[in-house]
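Undergrad: My structure is below; once you've seen it, I'll send some questions.
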Amino acid sequence: MFARHFAFLLFVTVLMSGQAHAQAWEDVDPAVAGWSVERLEAARLQSKKLKPTALMIVQDGRVIARWGDTSRKVNMASVRKSLLSALYGIAVADGRIDLSSTLAELGIDDTAPRLTQEEKTATVRDLLMSRSGIYHPAAHETADIKRKRPARGSHPPGSFWFYNNWDFNTLGTIYRQQTGEDIFASFQNRIARPVGMEDFSLQDGRYALEKVSEHPAYPLQLSARDAARFGQLFLNAGKWGGRQIIPEAWVEESTTPYSQAKRIRQGYGYMWWTLPEDPWGPHAFYASGYGGQIIAVVPSKRLVVVQTVDLKQNASGVRTSAFIDVLKAITSASP
């Protein structure tokens, strides 16, 4: 046990020694970059009415516009799932996690009523797609999820999509079990520091355990300017400064839709939402969290747009559909 712990500490030390220092974004004049200043201003006014904490527009790795407090860290809610998906890509490429492993093979169960033998045939990939067919109560569930959750045993693993916090939380347990790493330390060392995030620290993540399940949620805080770096990393096909942080194949695989969600014309990949090609162009996708936390990536415009909402300041939050309307206005202003 001591040897394993020492090896992990050595790994962290070596990894940190090669990481980039926090670095500020470069701002550019949108008019010089070819944007319609009038349309961009209309998008800003449309956004401001929604009362986000911050909104940030990045094109070609440079800031076109930002408003609000982009350094203020907020609870990113379900955006956490897309962050964990990225860590899975690294772990899968390293051979530490096998997507075809079943819950039975991994020794995964839960509090009573425990998982059935059929439920334990669900694979890691099924959970990433939110297709486990396991409708056990979970930590951090919204009232909407609780109300719409299907009955236990109603759908075999892999056969039905349901946005399911049990799947997402259990993936956190599997990640920690199979890699031996803390989720937040792993995010800091493998993603946040290599891309030069300015604000994230280990204190920004926590595990939220509830008695209904033995698998905790893993909420964390990010600033808009750090969230934009994560979006830019995915726009760059997982590369930052010449270094491949997330495997390019995983960026493609995880942001490919495997299910059609009830949200109009939107799909779901490995804990990422996807947007239709018309009008967004090919392979547009976004991470979404309760209250209006969004990291949107629109490759056809070489664009990353981030919105954060501190629910302590704006208790009603911002609906995803309202943000999508703002994103349309922003893209219409883009060259």
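The values are calculated or read from the model by the stated rules, or taken from the named source; none is laboratory data. Predicted, not measured: the structure shown is a model, and the values here were computed from it. Note: ideal-geometry Cβ built from the backbone for every residue, glycine included; neighbour counts use all protein chains shown. Areas reflect the complete protein model, heavy atoms only, side chains present, ligands, DNA and RNA absent. Shrake-Rupley method; radii C 1.70, N 1.55, O 1.52, S 1.80 Å.
Undergrad: Looking only at residues in the stretch 256-284 that are touching a residue at least 40 places away in the same chain (Cβ under 8 Å) and under 23 Å from Ala93 (Cβ atoms), which one is farthest from the chain's Cα centre (by Cα)?
TA: For the stretch 256-284, the residue satisfying everything is Tyr258.
Undergrad: Here's another thing I want to ask about it. Quick one: what pairs do we get from the stretch 175-186, first residue closer than 14 Å to Ala93 by Cβ, second at pLDDT 95 or above and open to solvent by 50 Å² or more (accessible area, probe 1.4 Å), C-beta under 8 Å, 6+ apart or different chains?
TA: Qualifying pairs under 8 Å: Gln178/Arg96; Thr179/Arg96.
Undergrad: Are any residues in the stretch 285-302 touching a residue at least 60 places away in the same chain (Cβ under 8 Å) and over 30 Å from Gln313 (Cα atoms), and if so, which ones?
TA: Pro299, Lys301, Arg302
Undergrad: Within the stretch 274-292, is there a residue that is β-branched (Val, Ile, Thr), closer than 17 Å to Ile324 by Cβ and surrounded by fewer than 22 Cβ atoms within 10 Å (Cβ to Cβ)?
TA: Narrowing the stretch 274-292 to residues β-branched (Val, Ile, Thr): 274.
When the remaining residues are screened for being closer than 17 Å to Ile324 by Cβ, the result is 274.
Narrowing the set further to residues that are surrounded by fewer than 22 Cβ atoms within 10 Å (Cβ to Cβ) leaves none.
No, that holds for no residue.
Undergrad: Answer yes if at least one residue in the stretch 67-78 is assigned to a loop (DSSP other than H, G, I, E, B), touching a Gly at 6+ places or on another chain (Cβ under 8 Å), of a type in the set (S, T, N, Q) and modelled with pLDDT of 95 or more, and no otherwise.
TA: Taking the stretch 67-78 first, the residues assigned to a loop (DSSP other than H, G, I, E, B) are 69-73, 76-78.
Applying the additional criterion that residues be touching a Gly at 6+ places or on another chain (Cβ under 8 Å) yields 76-78.
From what's left, of a type in the set (S, T, N, Q): 78.
Narrowing further to those that are modelled with pLDDT of 95 or more: 78.
Yes - at least one qualifying residue is present in the stretch 67-78.
Undergrad: So for the stretch 75-83 (the condition being over 19 Å from the mean Cα position of the chain (by Cα), open to solvent by 50 Å² or more (accessible area, probe 1.4 Å) and of a type outside the set (Phe, Trp, Tyr)), does at least one residue qualify?
TA: Within the stretch 75-83, the first condition is being over 19 Å from the mean Cα position of the chain (by Cα), and the residues that meet it are none.
No, there is no match, as no residue in the stretch 75-83 is over 19 Å from the mean Cα position of the chain (by Cα), open to solvent by 50 Å² or more (accessible area, probe 1.4 Å) and of a type outside the set (Phe, Trp, Tyr).
Undergrad: Would you pick out the residues in the stretch 129-146 that are open to solvent by less than 40 Å² (accessible area, probe 1.4 Å), hydrophobic (A, V, I, L, M, F, W, C) and either over 19 Å from the mean Cα position of the chain (by Cα) or under 17 Å from Ser82 (Cβ atoms) (or both)?
TA: Met129, Ile134
Undergrad: Return yes when Ala93 is farther than 30 Å from Ser334 by Cβ, modelled with pLDDT of 95 or more and surrounded by fewer than 21 Cβ atoms within 10 Å (Cβ to Cβ) and no when it is not. Walk me through how you get there before you give the answer.
TA: Details: farther than 30 Å from Ser334 by Cβ: yes; modelled with pLDDT of 95 or more: yes; surrounded by fewer than 21 Cβ atoms within 10 Å (Cβ to Cβ): yes.
When the stated conditions are applied, Ala93 passes them.
Undergrad: Report whether or not Leu84 is under 24 Å from Val212 (Cβ atoms), out of contact with any Lys or Arg (no Cβ under 9 Å at 6 or more places or on another chain) and either aromatic (Phe, Trp, Tyr) or modelled with pLDDT of 95 or more (or both).
TA: Working: under 24 Å from Val212 (Cβ atoms): yes; out of contact with any Lys or Arg (no Cβ under 9 Å at 6 or more places or on another chain): yes; either aromatic (Phe, Trp, Tyr) or modelled with pLDDT of 95 or more (or both): yes.
Spelling it out, Leu84 is indeed under 24 Å from Val212 (Cβ atoms), out of contact with any Lys or Arg (no Cβ under 9 Å at 6 or more places or on another chain) and either aromatic (Phe, Trp, Tyr) or modelled with pLDDT of 95 or more (or both).
Undergrad: I need the full set of residues from the stretch 196-236 which are within 22 Å of Trp272 (Cα to Cα), part of a loop (DSSP other than H, G, I, E, B) and open to solvent by less than 30 Å² (accessible area, probe 1.4 Å), in order please. Give the steps one after another, and end with the answer.
TA: Taking the stretch 196-236 and keeping what is within 22 Å of Trp272 (Cα to Cα), we get 197, 200, 204-208, 215-236.
The next check asks that each one be part of a loop (DSSP other than H, G, I, E, B); those that pass are 197, 200, 206-207, 215-216, 218-219, 223, 236.
Those that are within 22 Å of Trp272 (Cα to Cα), part of a loop (DSSP other than H, G, I, E, B) and open to solvent by less than 30 Å² (accessible area, probe 1.4 Å): Met197, Phe200, His215, Pro216, Tyr218, Pro219, Ser223.
Undergrad: Oh, and also: For the stretch 187-196, which residues satisfy the criterion of being in contact with a Leu (Cβ under 8 Å, 6 or more places away or on another chain) and in contact (Cβ under 8 Å) with a residue 40 or more places away in the chain?
TA: Matches in the stretch 187-196: Phe187, Asn189, Arg190, Ile191, Val195.
Undergrad: Of all residues being in a loop (DSSP other than H, G, I, E, B) and closer than 22 Å to Val74 by Cβ in the stretch 173-195, which is most open to solvent (accessible area, probe 1.4 Å)? Just the residue, please. Show your work before the answer.
TA: Going through the stretch 173-195, the residues in a loop (DSSP other than H, G, I, E, B) turn out to be 180-182, 193-195.
Filter again for closer than 22 Å to Val74 by Cβ, leaving 182, 193, 195.
Details: Asp182: 55, Arg193: 78, Val195: 0 Å².
Across the stretch 173-195, the extreme among qualifying residues is Arg193.
Undergrad: Of the numbered conditions (1) touching an Asp or Glu at 6+ places or on another chain (Cβ under 9 Å); (2) open to solvent by 30 Å² or more (accessible area, probe 1.4 Å), Lys51 satisfies every one except a single condition; which is it?
TA: All conditions are met except number (1).
Undergrad: Here are the criteria: (1) open to solvent by less than 50 Å² (accessible area, probe 1.4 Å); (2) in contact (Cβ under 8 Å) with a residue 40 or more places away in the chain; (3) not in a loop (DSSP other than H, G, I, E, B). Tell me which single one Trp161 does not satisfy.
TA: Of the numbered conditions (1) open to solvent by less than 50 Å² (accessible area, probe 1.4 Å); (2) in contact (Cβ under 8 Å) with a residue 40 or more places away in the chain; (3) not in a loop (DSSP other than H, G, I, E, B), the odd one out for Trp161 is (3).
Undergrad: Find all pairs meeting these conditions: Cβ atoms under 6 angstrom apart; at least six residues apart or on different chains; first residue within the stretch 319-331 and more than 17 Å from Leu40 (Cβ to Cβ); second residue outside any helix (DSSP H, G or I) and open to solvent by 30 Å² or more (accessible area, probe 1.4 Å).
TA: Ala322/Leu50
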